[in-house]
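> Before I ask anything, here is the structure I am working with.
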Amino acid sequence: MVLEAAMRGLGSPRGPEFVTPASGIPATPPQDVSQDSPRKGRLLVAAALVAALTGAAAGVAGARLSEGSQPAPVAALPRVAPAPSAGLGGLSATAARVLPSVVSVETGSGGGSGFVVDGSGHILTNAHVIRGGDRATVVLNDGRRISARVIGEDDDEDLAVLEVDYPRELTPATLGRSGDLAVGDQVLAIGSPLGLSGTVTAGIVSALDREVRLGSARRTAVQTDASINPGNSGGPLVNARGEVVGVNTAIASGRGGGNIGIGFAIPIDRAAPIAERIIRN
């Protein structure tokens, strides 16, 4: 109904260039050509020739105009040339290098992440991941599941070490130096947030020596804005070279409990000696 009303409301065409054809205007009266002189006859012949030539030219121009009015073929959108086949670079190469060393840790009461620290089948994780248990299942990056036993833990530092019986199935990570970190350095957090194994998130070092509560005491930690969520605990924080510089352990969260860009990792310079002590004992 609205469309019909709008159509009815258009009215008659109006505008500065619209002219209504007038009625009753007489045609030009015919002229008497019976008395034309031979000169007028020659003019008529010349006029006929001009008309013929003009008509031919108009025909050519019309044909060209008709050719030009054909729709142009649709041009393909510009595309980037295919990239040459090459190996991974940058953070992609870093992630590919570290992922085989990262495992998911499953226990009867929960789980988290961990990473292989040597060629003898030892895996470092957080003490709160194993929750005082003595057995766990580790899931490798390729999906294989291996039984592991807890050989020791340090509740004050929130660290624990697992051991598997088949060390050849594991790929050790390269440990770096957290003391070499600087604010603004690129880092990756790798683990199993919310059970999504093999998840890689990127960020920077936001602060060094940030004092937070880890385990049962207050400790200094590396602060990062790399996304860390429940399930990342015990996984590695690595630098751009793929070296482990921290153990992801805690986050500051809002009411929803999710990541807000403030995560904390135990510096590897402190975690590695604790892992070595647990393994020796």
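> Determine by what factor the alpha-carbon radius of gyration of the stretch 193-276 differs from 2.2 N^0.38 Å, reporting the quotient.
On the way: Rg = 12.2 Å, N = 84, 2.2 N^0.38 = 11.8 Å.
With N residues counted in the stretch 193-276, Rg over 2.2 N^0.38 Å equals 1.03.
> Could you tell me the calculated FRET efficiency between Arg277 and Arg241, based on Cβ-Cβ distance and R0 = 30 angstrom, to the nearest 0.05?
Working: r = 26 Å, r/R0 = 0.88.
Efficiency, from the Cβ-Cβ distance: 0.70.
> Could you please state, rounded to a whole Å, how far the C-alpha centre of the stretch 231-252 is from the C-alpha centre of the stretch 147-194?
With the stretch 231-252 and the stretch 147-194 each reduced to a Cα centre, they are spaced 8 Å.
> Using only the alpha carbons, work out the radius of gyration and Dmax of the stretch 137-281 in angstrom.
Rg, Dmax (Cα atoms, Å): 14.8, 43.
> For the stretch 167-281, what is the percent of antiparallel DSSP beta bridges, rounded to the nearest 5?
Numbers: 28 of 30 bridges.
Counting DSSP beta bridges with both partners in the stretch 167-281, the antiparallel share is about 95 percent.
> Quick one: compute the contact order of the stretch 170-281, relative version, from alpha carbon pairs under 8 angstrom and 6+ residues apart, as a percent. Display every interim value, and only then the final one.
Values: 255 pairs, mean separation 29.0, N = 112.
Across the stretch 170-281, relative contact order equals 26 percent.
> Calculate I(q)/I(0) for the stretch 101-159 by the Debye formula, one identical point scatterer on each C-alpha and no solvent, and give its log10 at q = 0.23, 0.25 Å⁻¹ to two decimals.
Once normalised to I(0) and log-transformed, intensities are -0.90, -1.06.
> What do you get for Rg/Rh of the stretch 83-197 when both radii come from the Cα atoms and Rh is the Kirkwood radius? Before the final figure, lay out each step's value.
Numbers: Rg = 15.2 Å, Rh = 15.1 Å.
Rounded to two decimals, Rg over Rh is 1.01.
Coordinate-derived values only; no laboratory data. On a predicted model such as this, the values are computed, not experimentally measured, just so you know. Positions of Cβ are backbone-derived with ideal geometry, glycine not excepted, and every protein chain shown enters the neighbour counts.
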